[in-house]
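Below is one structure, written out as structure tokens, with a few remarks after it.
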Amino acid sequence: MKLHRPLLTLCSLVCLLSPCTIKADESIDSLVQQAAVFDQNLQAAEALACYLPAEKADPNNVTVLLGIARQYRHLMADASDPEEKIRLGKLGHSYALRAVSLAPNEAETHLSVAISHAKMSPLLDNKEKMEASSQIKTSVDRSIALDPTKDLAWHVLGCWHQRLADLGVVKRTLARIVYGKLPDASNEEAVQCFKKAIELDPNRLIHHIELGRTYAQMGMVPEAKECLKKGLSMPNKGKDDPEMKKRGLETLVGLE
């Protein structure tokens, strides 16, 4: 498969930066700490350059596996070619699954699987979307059951309700096939999930914007505008923030 030039450069950078073995004077903890700094600065290639040799030395390190899964999701967001997006998404998903197998009672591992599915879902056909939706729900429910204080888990669950509440006829039929019945999803539940996410972390703009988009879907224009403007006024901090702001602005313009 031919990669676009920016991806070739990025992949080459990872290969150049990632040694096959850890240097004698460099511990796994040191690599993980370095990776965390790059991760915080949204430098996925550099973070991988630290995480990958750490994973080679300690393949059962759940923190490392989750870190690698997250970097592949970030690279997926930067990729422009759909096939490359799917490839990177599957890589991230595979690392998330490994983390779940090693730490099935850790909420973060199940959340990583749910997010990986959610990232790939827009690139799938309708039937695959419904199958991914079912897997998202299973994983995020497990994550929340293990730790209800993770705002991103409530966000993912809110998105699940929001998307399924707005299904067309064809997707509703597929949903009945995949789930065995029409899923119990509603905009009202989405609102409660996003409000919970905001309660847990009011400084994450994606919660405010998705709450606003849900209100817009419900025809609650004043509430939608208030939440959207709140989210759009906040500074970008997360990898998804610029794209989320773009969606939020599109929704807000449509309400004017």
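Assorted remarks:
- Selection status of ALA77, in contact with an Asp or Glu (Cβ under 8 Å, 6 or more places away or on another chain), at pLDDT below 95 and more than 22 Å from LYS196 (Cβ to Cβ): yes
- GLU46 vs. criteria closer than 24 Å to ILE136 by Cα and surrounded by fewer than 23 Cβ atoms within 10 Å (Cβ to Cβ): no
- Residues that are among the hydroxyl-bearing types (Ser, Thr, Tyr) and not in a helix (DSSP H, G or I) are absent from the range 244-253.
- Of the helices (runs of 4 or more DSSP H) lying entirely inside the range 109-190, those containing at least 1 residues that are within 19 Å of the chain's Cα centre (by Cα) span 126-146, 151-165.
- Tabulated pairs, the range 172-195, first free of Cβ contacts under 8 Å to residues at least 24 places away in the same chain, second assigned to a helix (DSSP H, G or I) and surrounded by fewer than 20 Cβ atoms within 10 Å (Cβ to Cβ), C-beta under 8 angstrom, 6+ apart or interchain: LEU182/ARG172; LEU182/ARG176
- Test: PRO59 is closer than 27 Å to THR149 by Cα, in a loop (DSSP other than H, G, I, E, B) and in contact with a helix residue (DSSP H, G or I) (Cβ under 9 Å, 6 or more places away or on another chain): no
- Scanning the range 133-158 for residues that are among the hydrophobic types (A, V, I, L, M, F, W, C), more than 15 Å from VAL100 (Cα to Cα) and surrounded by fewer than 22 Cβ atoms within 10 Å (Cβ to Cβ) returns a single hit, LEU152.
- Selection status of ARG204, under 19 Å from the mean Cα position of the chain (by Cα), surrounded by 15 or more Cβ atoms within 10 Å (Cβ to Cβ) and more than 24 Å from SER134 (Cα to Cα): yes
The values are calculated or read from the model by the stated rules, or taken from the named source; none is laboratory data. Quantities reported herein were computed from a predicted structural model and do not represent experimental measurements. Methodologically, a virtual Cβ is constructed for each residue, glycine included, from the backbone with ideal geometry; neighbour enumeration extends over all protein chains shown.
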